[in-house]
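J.: Attaching a single structure in structure tokens format; questions to follow.
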Amino acid sequence: MRSVPDGLDTSKPNVARIYDYLLGGKDNFATDRAAAERMMSLAAPVQQSAIENRRFLRRAVRFVAGEGGIDQFLDIGVGLPTQGAVHEVAHEVNPRARVAYVDYDPVVVLHANALLAERDLSVVAQADVRRPAELLADPVIRKHIDFEKPVAVMLVAVLHFVPDVEDPARIVAAFRDAMAPGSYLVLSHVSNDNLADMSVAAEVKKLYANSSQPMTARSAERIRTFFDGFELLAPGVVPTVDWRPVLGERSAKIVAYGMAGVGRKP
């Protein structure tokens, strides 16, 4: 039987651990698995959507590190470590790429620290995306990331956990203003445009409301506004499966609840 670390509350589903379970990970508990299984029973594509979101992240990192020439990454809301983390994918293109991982969850930070083998190239900081000024001023991040040079800011499957009252557009703008010209924004977000049955969407939202972090799905049009001030690269804000798919990944049968895009700061 798996032991539970001291101080860890497993009575409430945790969004990072739900995502870990959907991706086939092992860092989750009964409450997380029950919530994930309930979501999948309501909407079968939930698990595939999580997988497609991860595939988008990998494709975007390869593009930004390769064609984009970026050698430093700020991955915000990293979640629990899994195969194909940003530093692993970036190092396939540039073995000296630097990555700063950020999450507000101390358990996630603990796991991420355990994952890192090359500590001169990757660091982990505990900070909250909802407080961008504090995050950007964090000494661990400032020591590792040079904001005078282009950087890729990763906001992958994180802003739908930021409610409207926190003004997610303001948050993105704060990061944009701190980024040097030539930097990239990599973003994905659950969209209610892709939720055909709104009664199902309401049930899934209710499940997240009882988890560690409620979820707010937004329209594709609203998600595009997060790229204000960036040059939105082709094909624009599209379902995750449609952002520059590679041979063998794309299937006409795939339904994805996430929208994704990559923008470049001019």
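J.: Cβ-Cβ distance below 8 Å, separation of 6 or more or different chains: which pairs start in segment 212-240 with a residue that is without any contact (Cβ under 8 Å) to a residue 40 or more places away in the chain and closer than 17 Å to Val46 by Cβ and end on one that is among the basic types (Lys, Arg) and open to solvent by less than 20 Å² (accessible area, probe 1.4 Å)?
T.: none
J.: Which members of segment 249-266 meet the condition of being modelled with pLDDT of 70 or more and either over 20 Å from the mean Cα position of the chain (by Cα) or among the hydroxyl-bearing types (Ser, Thr, Tyr) (or both)?
T.: As a first pass, look at segment 249-266 and keep what is modelled with pLDDT of 70 or more: 257-266.
Those that are modelled with pLDDT of 70 or more and either over 20 Å from the mean Cα position of the chain (by Cα) or among the hydroxyl-bearing types (Ser, Thr, Tyr) (or both): Tyr257, Pro266.
J.: Mind checking which strands (runs of 3 or more DSSP E) fall wholly inside segment 111-196 and carry at least 1 residues that are hydroxyl-bearing (Ser, Thr, Tyr) and within 28 Å of Arg222 (Cβ to Cβ)? Working first, answer last.
T.: Numbers: elements: 122-126, 152-156, 184-190.
Where strands (runs of 3 or more DSSP E) fall fully within segment 111-196 and carry at least 1 residues being hydroxyl-bearing (Ser, Thr, Tyr) and within 28 Å of Arg222 (Cβ to Cβ), they are 184-190.
J.: Does segment 126-153 hold any residues that are farther than 16 Å from Ala97 by Cβ, of a type outside the set (Val, Ile, Thr) and open to solvent by 50 Å² or more (accessible area, probe 1.4 Å), and which are they?
T.: Gln126, Arg130, Arg131, Ala133, Glu134, Ala137, Pro139, Arg142, Lys143, Glu148
J.: Pick from Ala180, Ala196, Ala201: which is surrounded by fewer than 15 Cβ atoms within 10 Å (Cβ to Cβ), out of contact with any strand residue (DSSP E or B) (no Cβ under 9 Å at 6 or more places or on another chain) and modelled with pLDDT under 60?
T.: On the way: Ala180 fails: modelled with pLDDT under 60; Ala201 fails: surrounded by fewer than 15 Cβ atoms within 10 Å (Cβ to Cβ).
One residue alone meets the criteria, Ala196.
J.: Among the listed residues Pro214, Pro239, identify the single one that is at pLDDT 70 or above, touching a strand residue (DSSP E or B) at 6+ places or on another chain (Cβ under 9 Å) and open to solvent by 20 Å² or more (accessible area, probe 1.4 Å). Let's see the steps before the verdict.
T.: Working: Pro214 fails: touching a strand residue (DSSP E or B) at 6+ places or on another chain (Cβ under 9 Å).
So the residue among Pro214, Pro239 that is at pLDDT 70 or above, touching a strand residue (DSSP E or B) at 6+ places or on another chain (Cβ under 9 Å) and open to solvent by 20 Å² or more (accessible area, probe 1.4 Å) is Pro239.
J.: Continuing with this model, one more query. Looking only at segment 82-110, which residues are part of a helix (DSSP H, G or I), under 25 Å from Pro132 (Cα atoms) and at pLDDT 90 or above? Lay out the reasoning, then the answer.
T.: From segment 82-110, those part of a helix (DSSP H, G or I) are 86-93, 106-110; that's our starting set.
Next cut, under 25 Å from Pro132 (Cα atoms) only: 86-87, 90, 106-110.
Within segment 82-110, Val86, His87, Ala90 qualify.
The values are calculated or read from the model by the stated rules, or taken from the named source; none is laboratory data. Source: prediction; values computed, not measured. Backbone-built Cβ (ideal geometry, glycine too); neighbour counts: all protein chains shown. When the accessible area is computed, the model is the full protein with side chains, heavy atoms only, and any ligands, DNA or RNA have been set aside. Shrake-Rupley method; radii C 1.70, N 1.55, O 1.52, S 1.80 Å.
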